[in-house]
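Student: Just passing along the structure, written as structure tokens.
The values are calculated or read from the model by the stated rules, or taken from the named source; none is laboratory data. Computed from a predicted model, the values in this text were never measured in an experiment. Positions of Cβ are generated from backbone atoms using ideal geometry, with glycine treated the same way; all protein chains shown enter the neighbour counts. When the accessible area is computed, the model is the full protein with side chains, heavy atoms only, and any ligands, DNA or RNA have been set aside. Shrake-Rupley method; radii C 1.70, N 1.55, O 1.52, S 1.80 Å.
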Protein chains: 2
Amino acid sequence: MKRLALFGSTGSIGRQTLDVVARLNNFDIAVLTAHRNWELLAAQAQRWKPGWVALADSEYYRALKDALCGLVDCRIIVGENAAAQAAEEAGYDLALNGIVGVSGLLPSYYCLLRGIDLALANKESLVLAGGLLIELAKNRNTRIIPVDSEHSAIFQCLMGEQIESVWRIILTASGGPFRKRSLKEVRNAAPEEALAHPTWKMGDKITIDSATLMNKGFEVIEAYWLFGLPPERVEVRLHPVSIVHSMVQFNDGSLKAQLGKPDMRLPIQFALTYPQRSPVEYVNDEPVEWPHLEFQTVDFEQFPCLSAAYQALRLGGSAMPTLNGADEAAVERYLKRQLKFGQIAEVIYSTLEQHHIKPINSIDDALEADRWAREFVLNYKKVD
Amino acid sequence: MKRLALFGSTGSIGRQTLDVVARLNNFDIAVLTAHRNWELLAAQAQRWKPGWVALADSEYYRALKDALCGLVDCRIIVGENAAAQAAEEAGYDLALNGIVGVSGLLPSYYCLLRGIDLALANKESLVLAGGLLIELAKNRNTRIIPVDSEHSAIFQCLMGEQIESVWRIILTASGGPFRKRSLKEVRNAAPEEALAHPTWKMGDKITIDSATLMNKGFEVIEAYWLFGLPPERVEVRLHPVSIVHSMVQFNDGSLKAQLGKPDMRLPIQFALTYPQRSPVEYVNDEPVEWPHLEFQTVDFEQFPCLSAAYQALRLGGSAMPTLNGADEAAVERYLKRQLKFGQIAEVIYSTLEQHHIKPINSIDDALEADRWAREFVLNYKKVD
């Protein structure tokens, strides 16, 4: 039995990971971590009996402790650094990082530092400190296996191929709920509208990022770090039905795609079993049942957040963690109705403009740039 | 420079292969062979200066000889066995077999017997003697690299994967010109109609086979031999626009496809450069320009030739060369307007019914079964 550390176990990715683990039946769960949802965390811990349980929000320590009182050999830790501590100290053979947001960075870092393979769903790890983590993985001879459906698709298409043969990567984007509406039309769109994603069911932050296409912007940055291609070779095409999860075009013209009905359990399982595949009992994805597949170019004026991501990628260094911090804070304020939908991009551009680019030489450099951007956005007063 | 033996150089695959070779600029042409088109063969030989030139139809020996009188160090041979002799005796490092029909079998056989890698477009090699050739390639540690767009697609999707992880192969079929018409409606369809293929421009025999879907049936048999999956795991779906060249579905549910605008030069080049890919100057295939992609199930009653192929595959042994011989003769008679379109399938079924299945232990066994079926069809008198 392989020991899995699952960071962010109560979120969408975390819960689906436990479904997959139950099906695979060849993993022990060594670590479970959550942000605030102590009740689900406790229930998961009762079921999986991990050696470590970590909760970011220390307010619920007592409640969690009580809920787990019958559990033997289980270390319960709380606080902002609890997940990172578990990543650094617990015994495990593979980590899956499904944390949403900047809190995912340190668990990724410690996992790789220890030379342990990392199944990565936390986009922010690479957006904040892609250069450091990729270098670390290389030095430690450790794998980063992407869990995002797009990057898993590309990773699968690249199996047996040489990265030198790749001409371009085409990330597909559903376009989110506002695909057919102009920037002006969606300027005042309420969170309820932005949260109605047409094809994928995900957490709130990532769903808003899908409506602005910032999520795709982060994926462009992730792809840049994971696959080592220049920004202009990481392209995005709209593909509203989300069947083609992404494509790779090789320099001889050949295109390969990984495709199928949207189901995150597939890339999660692939990341857990790689380099093997593990049979699922009933494969019921049938191409004749798919809607017609089509692809469209992205209008960058309609989706300024995607442009901002390319800009941050080209600027390099601290521009990427700045982009991330600005977006996290802007989405938070949007969900609290302190910003309009259209202001998410505006505030991000303002943040990038005000920011002085520095190199990222350490995790602290990345966190510092992210923090600065977050504060900048939280203090951003402009309203129209 | 690698030395390439090109069997069937004046056909559609052969001509495109020479285009690709001209572009790649790292092959010498060692062998050129043709059936009857001595003029093009002579022009190709003048351009490529091969060591061997072979023409099946000995009637044109004098004309060919005269046309090549200035060529030094070029051995000119003619006759039905000329291509096979070149395959057996010429010096070359890689063969591409683009011959159409049963005459392709011996060149494939001698190439593999000598332990030389074979880029295979000649379907009949595997339909007639797949078991023998696959065994031979294995014993000689030699590669068979498929050139058919469908099998190239599958081959590309399987790179870096294990065949044990494959759940099924989905061969795509354009459906040919008669996709939307019932068996009854096309019963009397003239060759001109059947030759109007909607997406691929190919030779006459293979175009008629595309209209009956026998071509897809042969591809099912080829896939069976090339990839070693049971017949029920080699499926066919209609995909009228021919953008998705085929798909592989793995046992974890993941699907991979190789796709793009129909252009045979791509799988030809891939077969020549494998395991590398070689950049082409300008890759202009853009997904947003594709028509919408859709997939449909095949109505086996509408396409009885496809059913016949599955039947022959399940019967095994000499049923497959019998299928091939019957089809070649039936298509020949159809093109000569001696049979109606609807009779192609009928005569093939009659041939399979009358045939006594034997094991295929030698190339001669395969050729004998093919010959028997051919004669059976040529003597088939029934008209309605």
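Student: Can you tell me which residue is farthest from A:F178 (Cα to Cα) among those in the stretch A:290-314 that are of a type outside the set (S, T, N, Q) and within 14 Å of another protein chain (Cβ to nearest Cβ)?
Tutor: Ranking the qualifying residues of the stretch A:290-314, first place goes to A:W290.
Student: Filter the stretch A:334-345 down to the residues that are in contact (Cβ under 8 Å) with a residue 24 or more places away in the chain and open to solvent by 30 Å² or more (accessible area, probe 1.4 Å) and list them by number.
Tutor: A:L335, A:R337, A:K340
Student: Search the stretch A:265-291 for residues that are outside the structural domain of A:M202 (by TED's automatic domain parsing) and pair each with any residue that is among the β-branched types (V, I, T) and part of a loop (DSSP other than H, G, I, E, B) when their beta-carbon atoms are under 7 Å apart and the residues are at least 6 apart or on different chains.
Tutor: Qualifying pairs under 7 Å: A:P267/A:V147; A:I268/A:V147; A:A271/A:V147; A:W290/A:I243; A:P291/A:V241.
Student: What residue, among those in the stretch B:200-214 that are within 16 Å of B:I99 (Cα to Cα) and not basic (K, R), is modelled with the lowest pLDDT?
Tutor: By that ranking, first place goes to B:M202.
Student: Right, another one. Conditions first: (1) under 16 Å from the mean Cα position of the chain (by Cα); (2) surrounded by 18 or more Cβ atoms within 10 Å (Cβ to Cβ). A:F178 passes all but one, so which condition is the exception?
Tutor: For A:F178, the failing item is (1).
Student: Assigned to a helix (DSSP H, G or I) and of a type outside the set (D, E): which single residue out of A:T207, A:T199 fits that description?
Tutor: Just a single option satisfies the conditions, and that option is A:T207.
Student: What is the number of the single condition among (1) modelled with pLDDT of 95 or more; (2) open to solvent by 30 Å² or more (accessible area, probe 1.4 Å) that B:D384 does not meet?
Tutor: All conditions pass for B:D384, except number (1).
Student: Let me ask another. Return the residue satisfying two criteria in turn: it lies in the stretch A:198-217 and is over 12 Å from A:A173 (Cα atoms) and not β-branched (V, I, T), and of such residues it is surrounded by the fewest Cβ atoms within 10 Å (Cβ to Cβ).
Tutor: A:K201
Student: Would you pick out the residues in the stretch A:140-154 that are in a strand (DSSP E or B) and either open to solvent by 10 Å² or more (accessible area, probe 1.4 Å) or among the acidic types (D, E) (or both)?
Tutor: A:I144
Student: Determine, yes or no, whether A:G342 is under 22 Å from A:P191 (Cα atoms) and either at pLDDT 95 or above or in contact with a helix residue (DSSP H, G or I) (Cβ under 9 Å, 6 or more places away or on another chain) (or both).
Tutor: Judged against the criteria, A:G342 is a match.
Student: If you don't mind, another one. Only residues in the stretch A:149-175 that are at the interface with another protein chain (Cβ under 9 Å from one of its Cβ atoms) and within 22 Å of B:L158 (Cβ to Cβ) count as the first member; pair them with residues that are open to solvent by less than 20 Å² (accessible area, probe 1.4 Å) and at pLDDT below 95, Cβ under 8 angstrom, at least 6 apart or cross-chain, and list the lot.
Tutor: Matching pairs, first to second residue: A:W167/B:V283.
Student: Using beta carbons and a limit of 8 Å, which pairs, at least six apart or on different chains, have the first residue in the stretch B:69-91 and over 24 Å from B:S125 (Cα atoms) and the second one assigned to a strand (DSSP E or B) and among the β-branched types (V, I, T)?
Tutor: Between residues of the stretch B:69-91 that are over 24 Å from B:S125 (Cα atoms) and residues that are assigned to a strand (DSSP E or B) and among the β-branched types (V, I, T), the close pairs are B:C74/B:V53; B:R75/B:V53; B:I76/B:V53.
Student: Within the bounds of the stretch B:314-328, is there any residue that is open to solvent by 60 Å² or more (accessible area, probe 1.4 Å), of a type outside the set (D, E) and farther than 14 Å from B:F218 by Cβ?
Tutor: yes
Student: Inspect the stretch A:118-130 for any residue being more than 21 Å from A:L313 (Cβ to Cβ) and among the charged types (D, E, K, R) and give the result as yes or no.
Tutor: No, the stretch A:118-130 contains no residue that is more than 21 Å from A:L313 (Cβ to Cβ) and among the charged types (D, E, K, R).
Student: Condition test on A:I360, is it over 17 Å from A:I208 (Cβ atoms), touching a residue at least 60 places away in the same chain (Cβ under 8 Å), in contact with a helix residue (DSSP H, G or I) (Cβ under 7 Å, 6 or more places away or on another chain) and crowded, with 20+ Cβ neighbours inside 10 Å?
Tutor: Here the answer is yes, as A:I360 does meet what is asked.
Student: While we're looking at this one, here's another question. On the given criteria, is A:E301 within 30 Å of A:W372 (Cα to Cα) and more than 21 Å from the chain's Cα centre (by Cα)?
Tutor: Judged against the criteria, A:E301 is a match.
Student: Every residue in the stretch A:206-217 that is under 11 Å from the mean Cα position of the chain (by Cα) and over 17 Å from A:T322 (Cα atoms), please.
Tutor: Across the stretch A:206-217, the qualifying residue is only A:I206.
Student: For the stretch B:317-331, which positions are modelled with pLDDT of 95 or more and not hydrophobic (A, V, I, L, M, F, W, C)?
Tutor: B:G317, B:S318, B:P321, B:T322, B:N324, B:G325, B:D327 - these are the residues of the stretch B:317-331 that are modelled with pLDDT of 95 or more and not hydrophobic (A, V, I, L, M, F, W, C).
Student: When you check B:L112 against the structure, is it surrounded by fewer than 21 Cβ atoms within 10 Å (Cβ to Cβ), out of contact with any Asp or Glu (no Cβ under 9 Å at 6 or more places or on another chain), in a helix (DSSP H, G or I) and among the aliphatic types (A, V, I, L, M), yes or no?
Tutor: Answer is no for this residue.
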